[in-house]
Each structure stands twice: as C-alpha cells, then as structure tokens.
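Below: one structure, written as structure tokens.
The values are calculated or read from the model by the stated rules, or taken from the named source; none is laboratory data. Keep in mind that this is a model prediction, so the values were computed, not measured. For neighbour counting, all protein chains shown are included, and Cβ atoms are generated from backbone atoms with ideal geometry for every residue, glycine included. What goes into the accessible areas is simple: the full protein's heavy atoms, side chains included, and nothing from ligands, DNA or RNA. Shrake-Rupley method; radii C 1.70, N 1.55, O 1.52, S 1.80 Å.
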Amino acid sequence: MKVTRRQFFKISAGGLGSSSIAMLGFSPGEAQAEVRTFKLARSTETRNTCPYCSVSCGLIMHSLGDRAKNAESAIFHIEGDPDHPVNRGTLCPKGAGLVDFIHSENRLKYPEYRAPGSREWKRISWDEAFTRVARLMKDDRDKNFIAKNAAGVTVNRWVTTGFLAASASSNESGYITHKAIRSLGALAFDNQARV
Amino acid sequence: MTNHWVDIKNANVIVVMGGNAAEAHPCGFKWVTEAKAHNHATLLVVDPRFTRSASVADYYAPIRTGTDIAFLGGVINYLLSHDKIQHEYVKAYTNATFIVNEGYKFDEGLFSGYDEPGRKYDKSTWSYEIGADGFAAVDETMQHPRCVLQLLKQHYSRYTPEAVSNICGTPKDAFLKVCETIATTSAPNRALTFMYALGWTQHSVGSQMIRTAAMVQLLLGNMGVAGGGMNALRGHSNIQGLTDLGLLSDLLPGYLTLPRENETDYQAYVDKRTQKPVRPGQMSYWQNYPKFHVSLMKSWYGDTATRDNNWCFDWLPKLDKVYDVLQVFELMFHGKLNGYVCQGFNPLAAFPNRAKLSKAMSQLKYLVVIDPLATETSCFWENHGEFNDVDPATIQTEVIRLPSTCFAEENGSLTNSGRWLQWHYKGAEPPGEAKPDVDIIAGIFLKLRELYKKEGGAFPDALMNLTWNYRIPHAPSPEELAMEYNGKALADLTDPKDPTKVVLKKGQQLDGFAQLKDDGTTSSGCWIYSGAWTEKGNMMARRDNSDPSGLGNTLNWAFAWPANRRVLYNRASCDPSGKPWDPKRTLVYWDGAKWTGPDVPDFKADSPPSEGMNPFIMQAEGVGRLFALDKMAEGPFPEHYEPFETPIDTNPLHPKVISNPAARVFKGDLEAFGKGKEYPYAGTTYRLTEHFHFWTKHTKLSSIMQPEQFVEIGEELAKEKGIKAGDRIKVWSHRGFIKAVAVVTKRIRPLTVNGQTVHHVGIPFHWGFKGVAKSGYLANTLTPFVGDANTQTPEFKSFLVNIEKV
Ligand code: SF4
C-alpha cells in the first residue's frame, strides 16, 4: 500500500490506533511520522499562499476547531504545501514565521482615532470611523473637485486627497478599491508597484 | 516574468543581476539550483556585493551600483562585434531590419529633440521611415546605414571592455568572462534567463537597465523560449496583481490607460490606443482596445454606460499630469494635499527622504490608515526619541486607523511574479473587530454615497451609478468580485462564424477575453484576468500539479494570465516555418492546421506560418523592439547615465550630460543631492532573507533571527576608518543620518572606477520605531527624492553617504 504523507495523516486522523496502522503493513519509516500525526491530527487544514514575497509559496495552515459555526478557529501551525509546484513544501525563514505575524502583538483590533495635536489614540466604533472618514473625504472633495479645467473642458478629477493601495492585498480587494476610488475621480492613486 | 518560477529549470545560463534571488526569493531560487543540478546550467551573478546568490554562482563579477547599462551595453557590443547573435531570430522577430527616421541623432549624451529647460524630449524623430505603401520601411539585408541593427552597432561601439571596466569597476577579464558565457546562448538550442528585481527598478535609469537586458535577450533569441525570458522577480506577493489591476495614477485595469486632459474626445481616445499594424499581415492585438475598454465600463457602470454617452467616458478623471507617489508627496510637502488614505502601505518608511515625508504628512488635514499592523505611518505623529523626533502637539493632522484582516483570515487570489492567480482560503477569524479590506472600502464608499444622497455635492454621477449589486452590499464576497473581473455575457453571445449558434447565454461567465465585445454586450472588470472564473468555476483554485511535458508548465494548476498561458511570446520558440528552434523545449508548434503544444499558443491559433504573422502580437510591428521608438522618456536606445549622486561626479562617456537628462527633479531636491567630495561612498539599500520590508519586525521569529539594525562595509574601508566589526557607526547623506552596528565583511570589495577607488556601503532597511525587534532608524532617512524617468520609481539603490565611528 502506497500512501502519500497527507493521506497518511488522514488515515490516522480517521481514528486508527498506532498498532492498527502497523497492521496495515506500513514500513517502520512511515510509521515514525505518526508522532507528528498525533500533533496535527486534530487540526483543520486550510490552503493559503505566503503573503510576503512574489514567489507566493503554497501554505497549509493548521487550526484548532473544526469550522463549526460556534467554534473559533485559531491557527497554531503553518507549513509549506508539498503539492505546490513552485515551493514543493519548503518555506524560507519569513514564511516559516508566518504564524507569528497572525498573532503579532501589534495587530490592530479596533478602529482608533487620534485628534489633531493629541498624544493618544482613542478607540472608536466602526460606524463612527466610517462616518468620520466619509465626512472628511466628502468635504475635501466637494470643495476641491475639478469638473472643468481652465480651458473649460470636462476633466472630473479630484487631486487633493491621495490614496495608496496595498500590493499584499488580494486581487479582489485591489479590484474593488480601484473601482470605488476611481469613481470619486481620484488621480493621486498608487500602490507599491511604483516603488 | 515573461516565463515563471519553475521554468527557470530549463535555462542553460542564468544571470542574476539587479536582484539577489537566493536571499530575497529563497524558495524560487530552488529552480536555479535545479537548473544547475539537472540541466548543467551556469549561474552568473553580477552585483556590487558578493551575495548568497553569488556564493553559489559559477562566476561572480562585481559592479558599481547604478552602472548596469554600461555593463549590458558592453555585452551588446561584444555580441555584435563577435557575431554572437541568433541571426534568423534577429532578422525575423526584431526590428533590426527597420529603417529609422533621418532626423534621429545621438550626440554627446543627448538624443535628437532635447528640450533642456523642460528636461524632456520632442520624440518625433525617434520613429520609423514610412514607405510608399504606408508601412514602416525595412531593409532585409540590414546594411542600410539607418537600419536599427546598424544604429545599434554604432551606438554601443563606445561600450568597449575598457570603457565598461572604467565605468563599472568590473575587472576587464571578469566582464569578458561573463560576455563569453552569455554569448553561448546565441545557439538556438541554448537559453539564458535574466532574473532581476528592485536592484534594477530602483534607479533613475531603472527602466532602461531592464530594456538593455531585454535587447540582449532579443539578440540571443531567448525571448519566448523555455528557460529564457525577462524575469522580473518582483517584490510583494501581489505586486503583479495590483499592477495588472491598474491601481496606479494613470492606469485602468489590464494596462488600459486613463485619458489625458487633452483627450476629452472619446473616439480620439480609443483611436489612439487602437494600434493599427505598421507592417503588413500583423495582428497588433491592441486593435481590440475598444472591446476591453467598453467591457470595463460596463462592469463599472452597468446599464448606465451606453454607446450614446460614450460608455460614460466623461466620468473617467482626466490627467493633467501623473500623480505618482513622489509627485503626491511633493504636493503634500507644499501643503497642497489635504487628505491621504493608505491601505496596507507604510509610506513614511517606503518613500525616499524621510525628513521630507515627515514634514509633508504633518501638513495633512487628515490621514486614514488601513492596516493589520501598527505601522510607522499611522504613528508618524508619535515621539519615539531619536528614531522619530517629533512633537505631537504641533502636528495638527487628524488620524484614523482601521484594522484590517491578514491573508489567513480571508478568501481571495494573489498573482505571483509568474502571472499565476492562486486562490487562498480563510483559516481563522481576525482579532478583535478587524475587517477585510473589501469591507472597509465598501463601508467608506457606502457612507459616502449616503452623504451624497442626503446632501448632494460635487459631481455625484459616477459614484452614485457605480454598479454595486453585491449580495451583502457592505461586505461584497471575494467570489462575487472575482466573477466580476472575469466578466460575463450581458446578452446571448453567438458564434461569429455561425450566428445561429449561441455560445454563451445572457448572464453566463465568459470563457476568456476573446469573447469580449465593444457593443456593450459583455462586461469584464480586467480583461487580462478573463478566464479566471468561467462557467466551469474558479480556475484560480485548480490544484492539479501534473506536468506532462516535463517543462514545468502545469496548465491545470491555478490560472495564469493571459489565457492560462505560461510562457509569453511562445510563438517565438519556433522558427518562421513553425518548427521549434529546439525540439527539447517545445512549447508550441504548427501542426499543419493549427498552433498547438504543451503551452497555450501566444498567437492566432489558425494563422499558418506562410501568412507571415510575427510573434510579438502586442506590438504594431509584430516584432521585438531593439529600437524603442518614442516609448521611453530618455531615448530609443539605453544610454549610461550616472546616478544623481555619483561618487565620480562625472560621466566618463559624456562629461556634459552626467545623469538622466529626462528625469524629473523637483526644486529643493536638486539642492539636497550630495557630491562625491563630501560623501565619497556609494550607498545602496537592500533586504535580508529573514525580513520582509517593515512588516516582519512585528513578528517574533524574524525579530529573533535579525534583531538589530546593521550596516555592511568592506574590510578595506573599515581599516581606513578605524572601524571594527560590532562598532556603532553613523552613516549620513545630505538628507540625514542613521546609526547602526557595523558588519565588516569580505563580501564588499573596493572597486577602481575612473581612476579612483570606490567603496560601497550596504544598508539593509528593515528597522523602524514600531515592532517587536529592537528599534532602529528608518533607512530612507538617507535616500534621494528622485525617480526613474519613466516610472518614477525612487533611486534607492544608488546614492552617496559618508560614515564614521560613533
Ligand atoms: S516563504 Fe519566503 S520565499 Fe516563499 S513566498 Fe514567503 S517570503 Fe517568499
């Protein structure tokens, strides 16, 4: 019987004890992977790609919890995806530390506000945040929008508020960001591709 | 990349130059190792530092930072003077045979048409001579004194091995050794790949460095073949995607371009971009521009976009100039920008001349930061002692910081540098109240709409009519968005050959961009991504890694744009008769009735070789351009210009024109450039294996591996300056200083340039005043505020510094 490492995990996770695995005729080499199996057996695997560099290594994220609606998942381990044609299971030191990015103590958790001249952040609600951002943008846009240039031709541009998009965000985020921001007439609009 | 990561294994010669893949793209570099081990490939590394890429190279040649055009121009001269070009390829597939306008000149460092006060060119003479038949004139014998090949020979004849060595500091024998190895790939059965990254883009002549290498590849016949190509390794995981989606000042999705303010007539706008062939029988694929453009406008404005209103053309903003990031910070610095919104971007650390950036941001009325992490930018107003010495009380900027999810907490796709769109899945909930970027943009946008509905205001039409038919309007799903950019049929689509046959029913997902129409019956938010989510489902999520040809083109793994094609220009891998130049690397071929093969042909599938259509179908000529016409800011042939801060204070080729004459320099920044006398050392910035920009200093593992800021200098310079390994040193430029630990290394050697000794100072840039690593100085304190003349990418790789022991 030939099994890949991943199938092996599945079989073991399916509730076979170590002795019954041995009885299926696994060679001792394969059975040794079992120690690791136990650690990952209870995990849920999710496919992802490394968000750092443009090699975009395939990842397997292991989380606790079974995706049940009332259970919170927490990712506790990330490894390279051995099926991925580019990285074939490997990760560089950055990718190997990804779980620390997810759980970094510097992750932002709530919308925050810093008033002019203030020395501190104040927690605010999402509704307050959206309302304030929209207010500031609208006031600036209404005041400075250029419908026609000096020559009297229609140019419909707004260049007194600038935007930067993120080249580590997904294509779907990028697409909707472009669509929404350009509809405001924005031209001062770039992403990391420029640098 | 024209090719992709796995394809590197097919190369015979690999040149790593303008990049350091072993350290910056470690898991992609394994394909170099694979090529060396299983394809007997030779690895050449050309870099100012003996990097880890160099440590596994077959041959390493040092070079002074910023002089790659001189080096590669020397390679072109070598190939031409030693007759090491692939003749048939050059003749058939490049514009070597084309005759150039009589008015074209190059003299003393300047091309014809220079406007000195404007620092720009009138490019009208950088054009082809047009024949009586209305097409570009060619000379098949390539003897005409004004044919591109002859002009090319003439232009690079100045780039002798001696001149190269004098400018670059590369020993002559090392340079010649590199030339000889590169030249072996002019044989049709040998391929060379160039692997480069920010080491080429971040110069005031960055685009032309890349062009010079691309010209080398055309001369060698290495474009379009397995194991060949121009391979931009790129930076961020989705830098390719965001570029493809056009999130840049002057672009629209899929490399469509925004109109300028003198282009307010819709028909003139599309006509200019609907490139007609300039040689008989050529495809000139941009002839389809109206289809791509109309389909985009249908995606954005739905039923509101009609032929009668020119598909809402008036609603697109018209450019008076390009608002690239340097231009925007220049405006901000002068108090002409009121607001700034940064999504997953840390400009205080990422753009040049930090003092200027900090002053500029302090003038903003409001700043909005959307990020998973507490970045320096969001905290630019906080005092962090010597690392951010500002007084919050004097900074009147209102700052709003919005927490976003990270990769692990959302579904979606990223496009890697090999153009593969790969889908990923959410594995956990975000911390606290963090939201996906999509929901944050939706939240702001819907609130704006609400306000405009209530209060009215400036030109609300475009934003009020933008299509927003998402199931949950404040949280559009990534799946809906992917289906939208792929595009769909807005009416039943019939087979062009048989109008009675319905190919797609109204509402169905398109199979690809070949189905796009310019009559409003199709929509697609990004034409080159069409094919990513068809009626068959999410093609980006495919996971079959089988590779039947053995060349690494896993066509059923994810989706590659365009049209799932893995190697661009692959028609050029065959000779004009349609037979592969090298049967061992067959990507496509003509089977007598159609183009077929293990890759998706980059060609009109039913055009027989006898029709004479050429492989570079995106170009109006059908061939690769050795002569760039008017496409580049500083000239149709790349010329060596010194960095704006040069340690030799001259240009040995033409002392009167030292640096890029077409680069934009703002007043005040010119004065902030340093001179070699005060700042004798060539500074250059770079990344380490253990860190990603200013991001991983927030993660424990990376911060444990590389906890503290350091600067690398060579042993000779250290000795001269009385610096020992581990000493703290101060590094300063004309714009500011940083302090860091000195790493004294054999990996950086002094070079002899134009009769003087030049030392490099290596400055890894990962530290700042936020994060779990030890605080450090933002390295952009040192760098100059000037960019490439075409892209405005800042010159981070070549500037001047001085150093001393603290
Ligand atoms: S694991 Fe390393 S090489 Fe792979 S994508 Fe991430 S940063 Fe790049």
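Brief remarks on what is shown
- Residues in region B:21-46 that are more than 11 Å from the ligand (Cβ to nearest atom) and open to solvent by less than 20 Å² (accessible area, probe 1.4 Å): B:Trp31, B:Val32, B:Ala35, B:Ala41, B:Leu43, B:Leu44, B:Val45, B:Val46.
- Residue in region A:107-140 that is nearest to the other protein chains (Cβ to nearest Cβ), counting only those that are among the hydroxyl-bearing types (Ser, Thr, Tyr) and surrounded by fewer than 17 Cβ atoms within 10 Å (Cβ to Cβ): A:Ser118
- For region B:387-396, a residue qualifies if it is away from chain A (no Cβ under 12 Å) and touching a residue at least 12 places away in the same chain (Cβ under 8 Å), and the qualifying residues are B:Phe387, B:Asn388.
- Exactly one residue out of B:Gln240, B:Gln275 is touching a residue at least 24 places away in the same chain (Cβ under 8 Å), out of contact with any His (no Cβ under 9 Å at 6 or more places or on another chain), part of a loop (DSSP other than H, G, I, E, B) and at negative phi: that is B:Gln275.
- In region A:89-103, the residues that are open to solvent by 10 Å² or more (accessible area, probe 1.4 Å) and part of a loop (DSSP other than H, G, I, E, B): A:Gly89, A:Thr90, A:Leu91, A:Cys92, A:His103
- Residue match in region A:70-87 (condition: within 8 Å of another protein chain (Cβ to nearest Cβ), more than 15 Å from the ligand (Cβ to nearest atom), free of Cβ contacts under 8 Å to residues at least 24 places away in the same chain and surrounded by fewer than 22 Cβ atoms within 10 Å (Cβ to Cβ)): yes
- Reported count of residues in region B:346-366, each being more than 19 Å from A:Arg114 (Cα to Cα) and assigned to a loop (DSSP other than H, G, I, E, B), is 3.
- Per the listing B:Ser249, B:Ser237, the residue uniquely at the interface with another protein chain (Cβ under 10 Å from one of its Cβ atoms), in contact with a strand residue (DSSP E or B) (Cβ under 9 Å, 6 or more places away or on another chain) and more than 16 Å from the ligand (Cβ to nearest atom) is B:Ser249.
- Failed criterion for B:Lys9 (all others in (1) out of contact with any helix residue (DSSP H, G or I) (no Cβ under 9 Å at 6 or more places or on another chain); (2) open to solvent by 10 Å² or more (accessible area, probe 1.4 Å); (3) not acidic (Asp, Glu) hold): (1)
- Considering only residues in region B:413-435 that are of a type in the set (Lys, Arg) and within 26 Å of A:Pro111 (Cα to Cα), the one that is most open to solvent (accessible area, probe 1.4 Å) turns out to be B:Lys426.
- Selection status of B:His654, within 16 Å of the ligand (Cβ to nearest atom) and either open to solvent by less than 10 Å² (accessible area, probe 1.4 Å) or in contact (Cβ under 8 Å) with a residue 24 or more places away in the chain (or both): no
- Tabulated pairs, region A:44-59, first more than 7 Å from chain B (Cβ to nearest Cβ) and open to solvent by 10 Å² or more (accessible area, probe 1.4 Å), second assigned to a loop (DSSP other than H, G, I, E, B) and more than 7 Å from the ligand (Cβ to nearest atom), C-beta under 7 angstrom, 6+ apart or interchain: A:Thr44/A:Gly65; A:Thr44/A:Asp66; A:Thr44/A:Arg67; A:Thr44/A:Ser73
- Enumeration of residues in region B:648-706 that are among the small types (Gly, Ala, Ser) and either assigned to a loop (DSSP other than H, G, I, E, B) or more than 14 Å from chain A (Cβ to nearest Cβ) (or both): B:Ser659, B:Ala662, B:Ala663, B:Gly668, B:Ala672, B:Gly674, B:Gly676, B:Ala682, B:Gly683
- B:Ile729 vs. criteria assigned by TED's automatic domain parsing to the domain that holds B:His693 and touching an Asp or Glu at 6+ places or on another chain (Cβ under 9 Å): yes
- Residues of region B:1-20 that turn out to be among the polar types (S, T, N, Q), more than 16 Å from the ligand (Cβ to nearest atom) and either at pLDDT below 95 or within 21 Å of the chain's Cα centre (by Cα) (or both), as a count: 2
- Considering residues of region B:565-592 that are of a type in the set (S, T, N, Q) and closer than 16 Å to B:Ala226 by Cα only, the residue surrounded by the fewest Cβ atoms within 10 Å (Cβ to Cβ): B:Thr586
- Scanning region B:156-174 for residues that are surrounded by fewer than 22 Cβ atoms within 10 Å (Cβ to Cβ) and assigned to a loop (DSSP other than H, G, I, E, B) yields a count of 4.
- Hey, B:Ala57 part of a loop (DSSP other than H, G, I, E, B), buried (at least 22 other Cβ atoms within 10 Å of the Cβ), among the hydrophobic types (A, V, I, L, M, F, W, C) and not assigned by TED's automatic domain parsing to the domain that holds B:Ser798 or not: yes
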